Amino acid sequence: MLTRFPAEENLAPTGFSKIRSPGSFSGTRDSGIPMSTLIFGFSRFEMTALNRKAWKRLYRLASPFFYSDVAWKARGMLGLLLALSVSIKAFDVVMSYIGRDFMTALSLREQDKFMTNLYYYLLAFSVAIPLSVLYRFTEERLALMWRRWFTLHTLDKYFANRAYYRLGWYKTVDNPDQRIEEDIRSFTSTSLSLFLITLQSCIALFAFAGVLSSISWTLTVTAIGYAVVGSIVTYFLGRPLINLNFEQLRREADYRYKLIKVRDNSESIAFYRGEAKEKTRVRQRLKDVVRNMLRIIHRNLKVNFFTTGYNYLVIILPTIVVAPLYLRGEIEFGVVTQSAVAFSHVLNALSIIVTNFGSLSAYAAVVRRLGVFTEVLEEAAAPKAAPCAEEGEKVSLSHVTILTPDTSRTLVSDLSIEVPSGGLLICGPSGCGKSSVLRVLSGLWDASSGRVIRPPFLESMYVPQRPYLVIGSLRSQLLYTETRSGFTSAELLKVLRDVDLESMFDRVGGFDATVDWSATLSNGEQQRIGLARLMLVRPKYVFLDEATTAIDEKGEQKIYDQIRQFAKIIVSVGYRSNLQRYHESVLELHGDGTWHTEKGGA
């Protein structure tokens with residue numbers, strides 16, 4: 001029985017806008033898309049800054065890395081980043097005082113003091129530049145190390161207990177490949193960037209608030225009030241962008257998926273002459289993307305009117321406030337420029353929301369997507385107890401009932417049968433559950449009731465109707481299911497002759513040839529590749545799931561004759577007319593859960 005997770009929007013963010021670290025030495029304010037929503041909360045979404053479940057999910061995603069087998073290295077690099085952050089901001093403060101004296105000396109035409117402070121400036125630059133470069137390098141290395149660890153950690157779960165297969169049963173998880181590749185990459189890099197931005201903002205606020213208050217308390221209050229008002233206004237102006245951006249991600253994903261589907265089914269579309277209809281469907285997806293993007297552009301127009309004015313006013317606002325002090329002779333000219341730098345740093349620290357709106361909204365979506373994925377993956381990867389199943393030297397089912405994974409439909413009810421040594425053919429109408437019986441015997445599915453005796457895995461082999469073709473050489477194709485090494489080219493060539501693939505071998509260029517196998521081989525040749533793997537393994541128990549449907553009758557008989565030479569038991573799924581003669585018994589499913597057995601043979 002599956003655990004039901006809350007329904008999830010089909011969000012598929014393709015990445016984030018780059019988040020800039022506020023650790024620059026220019027003293028200028030970074031501009032960006034407004035995002036005050038994280039202060040006031042996404043009231044219409046599960047992922048909110050104040051949402052306890054969201055914070056818990058974020059902690060579960062981020063914390064394991066810092067307690068992993070590479071924790072000492074990760075903590076060391078994080079400690080180095082913290083030290084660099086403090087050093088960078090300390091130099092920012094020092095440089096604000098150097099800049100103050102530098103500008104004052106210039107205004108008073110004091111050449112000696114001007115040159116002295118110029119040397120101080122150059123000395124500070126010579127230290128600040130390596131610090132800044134090392135900071136960026138360490139951040140990128142830590143993000144890459146985190147991504148590598150997180151991905152490997154996720155892949156361990158993904159391939160454990162066939163979790164990659166069971167994920168298909170959960171409707172809350174779409175595109176697991178995208179979540180492993182793109183979402184993990186975005187999560188690790190953005191988490192680190194946001195953490196460091198917040199850290200540096202706190203350091204800057206602490207460092208420059210003192211500088212600002214020493215110049216003018218009025219200027220300090222002005223910076224706080226300006227940031228608060230800016231956050232409130234951008235929140236109300238930018239709030240509709242949250243829905244629009246989430247919707248844009250979904251529509252972009254639908255558009256991309258449709259293009260991929262056309263590529264993957266190009267031959268079928270060409271046979272049907274379906275170009276016109278497919279083009280219409282692709283154009284409709286593009287139309288949806290463009291229509292929603294226009295809404296975003298129009299909303300951004302309103303937001304940008306305010307944020308552009310907000311950014312321009314920052315340039316002159318501190319000068320306006322302290323100008324009366326300078327005109328009255330209470331401060332030097334350099335203090336005016338220092339106040340502008342300090343004001344900018346304090347305002348940056350208070351305006352994280354305003355400067356990182358787009359990145360934070362996309363980040364919230366990824367945390368949610370990745371959080372749901374890891375929760376589902378943990379359940380899918382957990383070992384499943386199957387008290388009604390055991391291994392033995394025979395294949396039998398006793399009072400077995402088989403349900404679909406979502407338990408919505410009974411495929412087979414109260415099935416009791418022991419497979420005879422002469423083999424069993426499972427037949428019936430499409431969708432009646434023929435392949436599901438094989439899934440239960442292989443352990444992919446668990447029977448909801450009854451007792452199953454399945455053969456040892458190492459002595460069994462299951463051959464699907466459409467074999468999996470790996471990316472690699474012909475030799476790699478043949479050896480995919482074989483764990484042993486040492487097969488000679490002569491042995492492999494003999495297997496190809498056994499399944500009538502000798503002409504294919506000559507056509508593709510030998511065992512080391514690498515081509516697009518799915519496009520190069522016919523359906524019959526692909527099935528013969530799967531059967532060639534079977535001939536190499538030579539298991540005692542063979543399970544064929546319509547594995548010869550694209551092979552001619554003469555070739556099919558030749559293959560079954562060869563399988564009988566090494567297989568103790570053969571279980572086949574297929575049609576009665578052409579396979580019955582190769583099996584001693586026939587199990588026919590009726591599609592409503594009922595079944596019956598009869599004697600097979602020619």
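Readers should treat all values here as calculations from the given coordinates under stated rules, not as data from a laboratory. Since the structure is predicted, the reported quantities are computational estimates derived from the model, not experimental observations. Every residue, glycine as well, gets a Cβ built from its backbone with ideal geometry; the counts of neighbours run over all protein chains shown.
Quick notes
- Quotient of C-alpha Rg and 2.2 N^0.38 Å, computed over the stretch 389-599: 1.05
- Expected 222 nm ellipticity per residue - DSSP helices of 4 or more, -39500 (n - 2.57), all of the chain, to 500: -20000 deg cm²/dmol
- Cβ crowding within 10 Å, taken as a proxy for footprinting-reagent exposure, orders 345, 399 from fewest neighbours to most as 399, 345.
- Looking at the stretch 389-599 alone, DSSP beta bridges between its own residues are antiparallel in about 45 percent of cases.
- Contact order normalised by residue count of the stretch 389-599, Cα under 8 Å, 6+ apart, percent: 32 percent
- For the stretch 37-378, the relative contact order works out to 31 percent when only alpha carbon pairs closer than 8 Å and six or more residues apart are counted.
- The order of the peptides 69-82, 218-231 by mean Cβ neighbours within 10 Å, most packed first, is 218-231, 69-82.
- Between the helical axis of 333-350 and the longest alpha-carbon principal axis of the chain there is an angle of about 30 degrees.
- Helix 489-498 vs. the chain, principal-axis angle (Cα, 0 to 90°, nearest 10): 60 degrees
- Here's the thing: no lysines lie within a cross-link span of residue 89, going by alpha-carbon distance under 17 Å and ignoring same-chain residues fewer than 8 apart.
- Protection proxy ranking of 470-476, 494-500, by the mean of other Cβ atoms within 10 Å over each peptide's residues and highest first, is 494-500, 470-476.
- Note on the chain: antiparallel DSSP beta bridges, both residues inside, total approximately 45 percent of the bridges counted.
- With each label modelled as a point 7 angstrom along the Cα→C-beta vector, the residue 259-residue 312 pair spans 3.8 nm.
- Mean shadow area of the chain over all directions, Cα convex hull, nm²: 35.4 nm²
- Cα→Cβ-extended label distance, 7 Å offset, between residue 592 and residue 493, nm: 5.8 nm
- Seen against the Cα atoms of the chain and their longest principal axis, helix 184-215 is set at about 10 degrees.
- nm² value of the averaged projected area, convex hull over the Cα atoms of the stretch 469-557: 5.8 nm²
- With the simple model of a label 7 Å out from the Cα in the direction of the Cβ, residue 552 to residue 112 spans 10.6 nm.
- Entry note, the chain: relative contact order of 19 percent, from Cα contacts under 8 Å with a spacing of 6+ residues.
- 5 angstrom amide H check on residue 487, placed H, neighbours 5+ away: none
- Each residue of the stretch 130-139 is assigned a 3J(HN,Hα), and the resulting list reads x, 4, 5, 5, 5, 4, 5, 4, 5, 4 Hz, derived from the Karplus form 6.51 cos²θ - 1.76 cosθ + 1.60 (θ = phi - 60°), x at Gly and Pro.
- Peptide packing for 301-312, 529-540 was compared via the average number of neighbouring C-beta atoms within 10 Å per residue; ordered from the highest value, the list is 529-540, 301-312.
- Eligible lysines near residue 171 by straight Cα distance, threshold 22 Å, same-chain separation 8 or greater: 53, 157, 258, 261, 384
- Diagonalising the gyration tensor over the Cα atoms of the stretch 221-309 and scaling each eigenvalue by 5 before taking the square root yields semi-axes of 44, 11, 7 Å, largest first.
- Ascending count of other beta-carbon atoms within 10 Å, so fewest first, for 400, 93: 93, 400
- Lys/Arg +1, Asp/Glu -1 at C-beta; the chain dipole; positive extreme among 307, 575, 496: 307
- Each Lys and Arg Cβ is given +1 and each Asp and Glu Cβ -1; about its Cα centre, the stretch 90-235 then shows a dipole of about 420 debye.
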